[in-house]
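Peer 1: Can you read through this structure? Questions will come right after.
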Amino acid sequence: MISGHAPTLVAGQEDPWPALEKQFPPGKVFTGVVRHVIDSVGSFVTVDGGVNGLIPERTLTGPCPPVGSRVEARVTKMDRPNRKVNLRLIRVLDNLAALSANPLMGQQGYGRVVKAVPYKDGRGGFILLEISGRERPALLLAKDMSEELREDLNNERVDVDEEIYVEVIRIEEDGDKVFLRELPDPEDQPGSDEPTYQAAA
């Protein structure tokens, strides 16, 4: 078994485990950073007090989140006697290696609407847009729109070929998905020098 990489206590150092046991009971959801990755074992995530918890590789459906990734995880077992914390990955919030490798991340510019799906009966609520540098449309979810655009979408007032100023906020390499958020149109803000890219033809 792999320990939680807890440091050996020295004289006068407070034992972090009693507090950890109270603060991070099974079921607790928290955000941490991946500090170590061991092949065939998993990713070790900072919990608190210098203690790392393990996301076992066998519980993952994809590759282990790499070192530096910020993740949301759930405590599945707090084993104080053996000084181990077991975790289950909920989602990767950001992958620093992937972000730096993908030039689309953070880009801002106009996207051209190719499909608008109003929210109805618990489904929909998104716009697909073509952006430069990508063949497949990118996704703008209702939660990442302004209130005005959400209202237009739900009232079917968003037209194909309409242009919306957006920023790339998330890229899911495995599923080949790019997520956007709406930004204020720089043409409505005189003097703006924000970088732009042209909508795909």
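Peer 1: Which length gain, in nm to one decimal place, applies between Asn154 and Asp48 when the Cα-Cα distance is subtracted from 0.36 nm times their residue separation? Walk me through the intermediate numbers first.
Peer 2: On the way: separation 106, 0.36 × 106 = 38.16 nm, distance 4.38 nm.
In short, 33.8 nm is gained.
Peer 1: So for the range 102-188, averaging the separation of alpha carbon pairs under 8 Å that are six or more residues apart and normalising by length, what relative contact order in percent results? Write out the running numbers ahead of the final one.
Peer 2: Details: 166 pairs, mean separation 28.4, N = 87.
RCO, the range 102-188: 33 percent.
Peer 1: Suppose we keep just the alpha-carbon trace of the range 102-188; what are its Rg and Dmax in angstrom?
Peer 2: 12.3, 37
Peer 1: Still on this structure: Spin-label point model (7 Å from Cα, Cβ direction): what's the Asp121 to Leu139 distance in nm?
Peer 2: Spacing of the two 7 Å Cα→Cβ label points: 2.0 nm.
The numbers here are math on the coordinates, done by the rules we state, and not lab data. Keep in mind the model is a prediction, meaning the values are calculated, not measured. Every residue, glycine as well, gets a Cβ built from its backbone with ideal geometry; the counts of neighbours run over all protein chains shown.
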